[in-house]
Amino acid sequence: MTTTYRPDDPAYLDEADFRVELERVFDLCHGCRLCFNLCPSFPTLFDLVDANDGDVSALTAADQDRVVDECYQCKLCYPKCPYVPPHEWQLDFPRLMMRAHAVRHASGRPVRERVTDQVLARTDLVGRVSTAAAPLANAVVGKPGSLARRLMEKTAGMASERLLPPYARTRFTTWFRRRAAARGPRAFADGARQGEVSVFPTCFVEYMAPAIGQDLVKVYERNGVACSLPEGTSCCGAPWLHQGNVAEFTKAAERNVRALAGEVRKGREVVVAQPTCAYVVRRDYPIYLQGTAAAADAVLVAEHTVDPAEYLMTLHKGEDTSLDTDFTGRDDGSVPDAVTYHVACHLQAQHIGLKSRDLLKVAGVKATLVQRCSGIDGTWGYRAENYDLARKVAAPMAAEVRAAGNDVVCGDCHLANGSIEQETGMVPVHPIQLMARAYGIPEEGA
C-alpha cells in the first residue's frame, strides 16, 4: 500500500496498490463519518460497509468504483475533514479520487467515455468554433431535450436535458484588444494607480461570459488598477484532470504556468474569475508540476493568483490603497438592497473567506448566503450518467435560493450559475457585475 498523491510516484498508477490504499482511507472515513452529508460518495460508502458488518475489506472493486464515480470533486472535504495532510493519517479524499481516475484512464476507458472526455476537455477548440458560429451553435445545442441534444447524448455522452451556457459572439480577448487599440494604454493620474493585474480569462470568460471580464476590467480601472492579458494561455486543464488524464493536464499546466509566471515577474497579480480554474491554478498546478522544470514557476504563480473580489477587498483594507466607494449607480434602483449569494464549493476550498459577500456589503448590498453544492463541479454534472444524481444534489441549493425570496441571485461560479438557472429559472449574475452597476458603469453595448 502506498499513500501518495503525487502522480510522479512509481506506485501512483499501480491498481493493486491503489485498491489497498482505497481500503485504508475508506476505513478511516467509515469510522469518522463527519462528511456524511457532503456528497453521495459518503452515504454510499457507509451503507456498503454497514451492509458488510463494518468490514471494509469485504467491498468489491465494483463497490469501490461506485464510491469513486459519485465523487464530483467539490473539494469540501478540505474545510471539513480533520485528517488532511499534514495529519499523520494523510487522508486526502479528493486527490485519492483523482488517483482513481488516473488509474482508470491508464488501464483504458470504454470508447464512449473517451469520446465524452474529448468533447468536455477540448474547451478551446469547441469555444473557438462555437463563438465563430455563435447564433447557429446556440440554436442547435441551446435547447435541452432537442433532437440535436439527444444525438449529442448518444454520441458524446453529454446529458441532453442539461442547460448549457450559450457562447458569445465576441471573445473576451478580442474585445480587450480592440478596446486597447482604440484608446491606447489606460492612463492614471499621479497617485491614482494602485496596482497592475493580468486577467486570466480561462474558457468560461473567454468564450461564454465575456461580460464578466468586461465588467471586471472596468471596475478595476475605476479603482486605479491597470489590466493586461497573458499571452499563450489556454483552458486551465481541469477537464483533463478530472477524467484522470494526467499527461494532458500537465501539458496545459506547463503552458499556462510559463505564460503566467512572466506576468508575475512584471509585478502583476493573476486574477481568475472562475473559482474552479482559480483552484486549479492555486492548488493543483504546484502538485502536478512537482519534479518538472516548471515546478518553481507553478509555486510562484499560485502565490500570486487571486479572486477578483479578494483583490478588491485587499485594496479596500490596505494602508496605502483604497476602494472607490462612490456608488452613484445605486441611486436609480438598478442594484437591489438585498441579493441571494451562492457560495461556490471551489471558492470555499480556497480558504480565502467570502470576499464577494464582503465586497457587496461595501456597496450597501446585503447578501443572503446559500452554501449548497450545485451538482456540476467541473464537468461531472454534464455527463449523461450523472445527470439524475446531479439534479438531486442541486435540489437543496434550489430550495434555499427560492426560500431566500430575493429577486436577484449572484454567484462567482459560472458552472454553478447554470445549475441555479436550470433548477430555479433565475439567471444569476457575477458579483463583479453588480459592482459595475453600483458604480454606474453600464453593461457593455447597453
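What is the calculated FRET efficiency for Arg112 to Glu196, with r their C-beta to C-beta distance and R₀ = 45 Å, to the nearest 0.05?
Values: r = 47 Å, r/R0 = 1.03.
Working from the Cβ atoms, E equals 0.45.
Could you work out the equivalent-ellipsoid semi-axes for the stretch 11-60, taking the square root of 5 times each eigenvalue of the Cα gyration tensor, largest first, in whole Å?
Working: eigenvalues 78, 34, 16 Å².
In descending order, the three semi-axes are 20, 13, 9 Å.
Please report, in whole Å, how far the alpha carbons of the stretch 332-409 spread along each principal axis, starting with the longest.
46, 27, 18
Might you report the magnitude of the Cβ-based charge dipole of the stretch 111-156 about its Cα centre, with Lys and Arg at +1 and Asp and Glu at -1, to the nearest 20 debye? Let's see the in-between values first.
Numbers: 8 positive and 4 negative charges, 31 e Å.
Dipole size: approximately 140 debye.
Say the dipole of the chain comes from +1 at the beta carbon of Lys and Arg and -1 at that of Asp and Glu; which of Val343, Pro10, Val103 then lies farthest toward its positive end?
Of the listed residues, the answer is Val343.
State, in angstrom, two size descriptors of the stretch 111-156 derived from its alpha carbons: Rg to one decimal place and Dmax to the nearest whole number.
Just the Cα atoms of the stretch 111-156 yield Rg and Dmax of 11.2, 31 Å.
Please report, in Å, the Rg and the Dmax of the stretch 278-390, where both are computed over Cα atoms only.
18.1, 56
Specify the angular offset, from 0 to 90 degrees and rounded to the nearest 10, of the alpha carbon long axis of helix 308-317 from the longest principal axis of the alpha carbons in the chain.
60
What is the local net charge at Val335, summed over the other residues whose Cβ is closer than 12 Å to its Cβ (Lys, Arg +1; Asp, Glu -1)? Can you show the working numbers first?
Details: positive: Arg330, Lys366, Arg437; negative: Asp331, Asp332, Asp337, Asp407.
Taking every Cβ under 12 Å from that of Val335, the sum is -1.
Of the options Ala133, Gln118, Leu147, report the single residue whose Cα projects farthest towards the positive end of the charge dipole of the stretch 111-156 (beta-carbon charges: Lys, Arg +1; Asp, Glu -1).
Going by the charge dipole, the pick is Leu147.
What is the Cα coordinate range of the stretch 190-301 on the first, second and third principal axes, sorted by size from largest, in whole angstrom?
47, 30, 20
Report, in degrees rounded to the nearest 10, the 0 to 90 angle that the Cα long axis of helix 172-183 makes with the longest principal axis of the chain.
20
Return the calculated 222 nm mean residue ellipticity for the chain, to the nearest 500 deg cm²/dmol, obtained by summing -39500 (n - 2.57) across DSSP H runs with n ≥ 4 and dividing by the residue count. Walk me through the intermediate numbers first.
Working: 22 runs with 223 residues, N = 446.
The per-residue figure over the chain is -14500 deg cm²/dmol.
Using only Cα atoms, figure out Rg for the stretch 28-179 and give it as a multiple of 2.2 N^0.38 Å. Don't jump to the answer; show the numbers that get you there.
Working: Rg = 20.5 Å, N = 152, 2.2 N^0.38 = 14.8 Å.
Here the Cα radius of gyration is 1.38 times the empirical estimate.
Just subtract the alpha-carbon distance of Arg66 and Val140 from 0.36 nm times their residue separation and send over the number in nm, one decimal.
Numbers: separation 74, 0.36 × 74 = 26.64 nm, distance 3.37 nm.
Working it through step by step, the gained length comes to 23.3 nm.
State, to one decimal in nm, how far the label point of Thr155 lies from the label point of Lys251, with both points 7 Å from Cα in the Cβ direction.
2.3
Quick check on the exposure proxy: order Glu423, Glu443, Glu23 from fewest to most C-beta atoms within 10 angstrom.
Details: Glu423 19, Glu443 13, Glu23 16.
The fewest-first ordering by Cβ neighbours comes to Glu443, Glu23, Glu423.
Could you tell me the number of lysine pairs in the chain with C-alpha atoms less than 28 Å from each other, where the two lysines are 8 or more residues apart or belong to different chains?
Final tally of qualifying lysine pairs is 24.
Based on alpha-carbon atoms only, what is the radius of gyration of the chain relative to the globular estimate 2.2 N^0.38 Å?
Details: Rg = 22.0 Å, N = 446, 2.2 N^0.38 = 22.3 Å.
Taking the Cα Rg and dividing by 2.2 N^0.38 Å, one obtains 0.98.
Given a Förster distance of 45 Å, report the FRET efficiency between Ser322 and Thr2 from their Cβ-Cβ distance, rounded to the nearest 0.05.
Values: r = 51 Å, r/R0 = 1.14.
That gives a FRET efficiency of 0.30.
Work out from phi, with θ = phi - 60° and the Karplus expression 6.51 cos²θ - 1.76 cosθ + 1.60, the ³J(HN,Hα) of each residue of the stretch 267-279, listed in order in whole Hz, and give x for Gly and Pro.
Each residue of the stretch 267-279 in turn: x, 9, 7, 9, 9, 10, 8, 10, x, 4, 5, 4, 4 Hz.
Quick one: check the C-alpha center-to-center distance for the stretch 41-67 versus the stretch 320-381, whole angstrom.
Each part reduced to its Cα centre gives a spacing of 39 Å.
Please give, to one decimal in nm, the separation of the simple spin-label points placed at Arg183 and Ala403, each 7 Å out from Cα toward the Cβ.
4.4
Please work out the ratio of the alpha-carbon Rg of the stretch 15-107 to 2.2 N^0.38 Å and round it to two decimals.
On the way: Rg = 12.2 Å, N = 93, 2.2 N^0.38 = 12.3 Å.
Cα-based Rg divided by the globular estimate yields 0.99.
Among Ser356, Ser146, Ser41, what is the fewest-to-most ranking by other Cβ atoms within 10 Å? Write out the running numbers ahead of the final one.
Working: Ser356 28, Ser146 14, Ser41 21.
In increasing order of surrounding Cβ atoms, one gets Ser146, Ser41, Ser356.
Going by C-beta contacts inside 10 Å, put Lys251, Lys355, Lys392 in order with the fewest on the left. Intermediate results must be reported in sequence, preceding the final value.
Numbers: Lys251 14, Lys355 22, Lys392 10.
Lowest count first: Lys392, Lys251, Lys355.
Laboratory data are not the source of any read-out in this text; all were calculated from the coordinates shown. Since the structure is predicted, the reported quantities are computational estimates derived from the model, not experimental observations. Note that we place each Cβ from the backbone using ideal geometry, even for glycine, and neighbour counts take in every protein chain shown.
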